[in-house]
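Notes for the one structure printed next.
The values are calculated or read from the model by the stated rules, or taken from the named source; none is laboratory data. This one's a predicted model, so the numbers in the text were calculated from it and none came from an experiment. Here the Cβ positions follow ideal geometry from the backbone for every residue, glycine too, while neighbour counts run over all protein chains shown.
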Amino acid sequence: MIIDIHTHVFPSHIRKNRQDFFACEPDFAALYRDPASKMIGAEELIRNMDREGIDKSVVFGFPWQHYENFRSHNDYILDAVERHKDRLIGFVSLSPLAKGAAREIERCLEAGCAGIGEIAYYTTSLNQISCENFKTIADAALHYRVPIMLHTNETIGHCYPGKSTTTIKELYDFLSCFPQNRFILAHWGGGIFFYHLMKKQVKKILHNAWFDTAASPYLYDNDIYQVAIKILGPQRILFGSDFPLIKPGRYFKEMKEAGLTQAAMKKICGQNAATLLHPASK
């Protein structure tokens with residue numbers, strides 16, 4: 001089974017009127033002000049899954065600041081999952097700093113969401129977010145035994161919309177506050193997994209972290225797959241396409257070109273996600 005851990009879908013009222021949200025949602029404006037930044041609905045995602053052989057996709061919205069925005073978007077996710085129970089897995093998404101965030105997370109997890117995310121700080125950084133601010137979200141994830149997907153990125157190299165200023169040190173300090181929580185670190189964790197080679201402390205801090213491949217074709221050479229497997233093992237890597245940013249087939253092509261074994265590809269492309277989303281203890 002192939003599971004895409006990282007996809008975005010938007011309801012039609014946002015897709016058709018994106019400009020109406022720019023003034024009050026700076027993070028959204030940072031990513032979607034450019035008309036070329038594509039937004040799709042759940043039905044288009046399903047059609048592409050059928051074309052590219054994806055069995056299931058994790059879907060989420062956007063880390064909105066305002067209640068009416070994250071509420072309506074999460075409702076859309078819940079409805080899409082209800083209509084496509086065998087294909088879609090929903091995560092609840094909002095800004096952790098939003099008023100009513102804790103209540104909304106509880107509402108959506110009670111309604112069947114399988115995780116929290118993608119949580120992102122596009123126009124701020126984690127050094128501005130105290131662990132105490134995030135504690136209610138972390139506690140909810142522990143209570144419902146679900147993972148948290150956190151947007152991360154490298155801070156060097158070319159600029160692009162949504163590239164945050166959070167450093168590896170800030171991310172490391174943040175993760176150290178929540179050792180029991182399971183985190184999916186998007187976009188290869190911004191490269192933090194390289195430090196898993198260190199002999200002290202880092203392995204312990206990262207023991208509950210998984211790393212998705214979202215946007216990898218835009219960011220890294222194919223060699224990153226073999227390097228990551230050598231450092232982490234294939235069991236800590238999750239296929240995520242960031243669709244509609246990039247189609248899944250491009251990732252599969254790069255994995256094959258990188259020389260991944262069939263066993264490693266099966267783990268990365270589905271088995272790991274199935275285990276993470278449906279632990280035996282749940």
Practice prompt. Could you tell me whether region 242-250 includes any residue that is in contact with a strand residue (DSSP E or B) (Cβ under 9 Å, 6 or more places away or on another chain) and assigned to a helix (DSSP H, G or I)?
Written response: yes
Considering every residue within region 32-39, establish whether at least one is at pLDDT below 95, over 25 Å from residue 273 (Cα atoms) and of a type in the set (A, V, I, L, M, F, W, C). yes
Note on region 116-166: residues of a type in the set (D, E, K, R) and within 17 Å of residue 90 (Cα to Cα) are 118, 145
Flagged pairs (Cβ under 7 angstrom, 6 or more apart or on separate chains; first in region 225-238, in contact (Cβ under 8 Å) with a residue 12 or more places away in the chain; second basic (Lys, Arg)) are 234/267; 235/267
Output for Cβ contacts, cut-off 9 Å, separation at least six or different chains, first residue free of Cβ contacts under 8 Å to residues at least 24 places away in the same chain in region 190-201, second small (Gly, Ala, Ser), reads 201/176
